[in-house]
1. Before rounding to the nearest 500, sum -39500 (n - 2.57) across all DSSP H runs of length at least 4 in the chain and divide by the residue total; then give [θ] at 222 nm in deg cm²/dmol.
2. Charges at C-beta only: +1 for Lys and Arg, -1 for Asp and Glu. How large is the resulting dipole of the chain about its Cα centre, in Debye rounded to 20?
3. With axes computed from alpha carbons, what is the tilt in degrees of helix 253-267 against the longest principal axis of the chain, rounded to the nearest 10 within 0 to 90?
4. In nm, what is the difference between 0.36 nm times the number of residues separating D96 and K72 and their Cα-Cα distance?
5. According to a simple spin-label model (label point 7 Å from Cα along Cα-to-Cβ), what is the distance in nm between E346 and D314?
6. Given labels modelled 7 Å from the Cα in the Cβ direction, how far is it in nm from F166 to D255?
7. Longest exposed-loop-site-free stretch of the chain, with GluC sites (Glu not before Pro), DSSP loop and at most 11 other Cβ within 10 Å?
8. Given a Förster distance of 45 Å, report the FRET efficiency between R148 and A46 from their Cβ-Cβ distance, rounded to the nearest 0.05.
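The values are calculated or read from the model by the stated rules, or taken from the named source; none is laboratory data. Just so it is clear, the structure is predicted and the values come from calculations on it, not from any experiment. Heads up, the Cβs are rebuilt from the backbone with ideal geometry, glycines too, and the neighbour counts pull from every protein chain shown. Just so you know, the surface numbers come from the protein's heavy atoms only, side chains and all, with ligands and any DNA or RNA stripped out. Shrake-Rupley method; radii C 1.70, N 1.55, O 1.52, S 1.80 Å.
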Amino acid sequence: MSAKSVSVLPSPKTDTPPQPNISIPPLLGASVEELTAWVQQQGQPAYRGKQLHDWIYQKGVRSLSDISVFSKQWRAEVAEIPIGRSKIHHRSVAPDGTVKYLLQLADGQIVESVGIPTEKRLTVCVSSQVGCPMACDFCATGKGGYKRNLARHEIVDQVLTVQEDFQQRVSHVVFMGMGEPLLNTDHLIGAIQSLNKDVGIGQRNLTVSTVGIRDRIRQLAQHQLQVTLAVSLHAPNQTLREQLIPSARPYPIEDLLAECREYVEITGRRVSFEYILLAEVNDLPEHALELAKRLRGFQSHVNLIPYNPITEADYKRPNQNRIQAFVKVLQQQKIAVSVRYSRGLEADAACGQLRASKK
Ligand code: SAH
């Protein structure tokens, strides 16, 4: 019997150039329907699809030859077909319990994921690309350049790996690791669907963070997902935003916010805005006031992220007084705001510090 791949259902339309249908194998990321179609194509009865699904997602099997409910003969035939799991290349634990993983992919590329435990949650911060082409001035990932998009199975794998390592179910996933998820929309949406239906994580517990790519927020909205959208705004006006985020040049902040409004209208979900705080650069009270004016009447939430230092840039994190002064202005202007102190700073696992190197 041949181990031919079978095309899966076409993904919903986006305006990205037509891409070949994702094919399986690798099997990870495939739905029970796709796996059933695949086992049948291999000459096996349909119920083997459900068994395969359980072994991949519940038992975390790494090789088809280990699936003991399959016949010995078939196991031998399909033993070399990849499920699509990565290897843990390196693992480091920060004092706060955050664990940073360097995962080695089938082609040898290294990608980072972070497991963030809190009392009731286990959150995984996943990467969507190897490296990142956006080159934000304060971010270590961007400084390291861009290699490629991650495939659907490579995104889902990160969540299963953290789940196994912690021996605890993952409750939340944030697409805030390496890469710009909206430059990889087809695989992003495939991964979201698999994390939701196959791994069993509620869509509202999935957050996609983007710097904003023209038309892609609108496209994401059209998929009618219930995921949370986080937009990395980082500045209250276009001039300052362009200084920090060179990729923002052809995409004025007004256009970005107009698309965000459409997202709210189409999905009924509020948008959260991330705002990195860089001392003396974008953390003055007048910046807070300008930001509040821009977001007035918008169903949104502002997440302030005090800058996490990276060696490649010489920004400074503002002190507590400055952070609190910024918060106060937003609160006075009735803007919902919280401060996110990144976890895992000591392991270089915090926002913006992911550069696929050990520490
Ligand atoms: N490309 C996506 C996801 C990237 S990282 C995006 O831009 O949203 C997730 C968040 O960490 C983004 O808001 C990003 O701007 C922020 N970040 C990057 N470098 C940082 C740093 N050095 N300190 C704090 N936050 C940083």
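1. On the way: 11 runs with 113 residues, N = 359.
Dividing the helical sum by the residues of the chain leaves -9500 deg cm²/dmol.
2. Working: 42 positive and 35 negative charges, 116 e Å.
So the dipole magnitude of the chain works out to roughly 560 debye.
3. Roughly 50 degrees, rounded to the nearest 10.
4. Working: separation 24, 0.36 × 24 = 8.64 nm, distance 4.55 nm.
Going from the current span to full extension adds 4.1 nm.
5. Here the answer is 2.9 nm between the modelled labels.
6. 3.8 nm
7. Answer - 120-279.
8. Working: r = 35 Å, r/R0 = 0.77.
It comes out at approximately 0.80.
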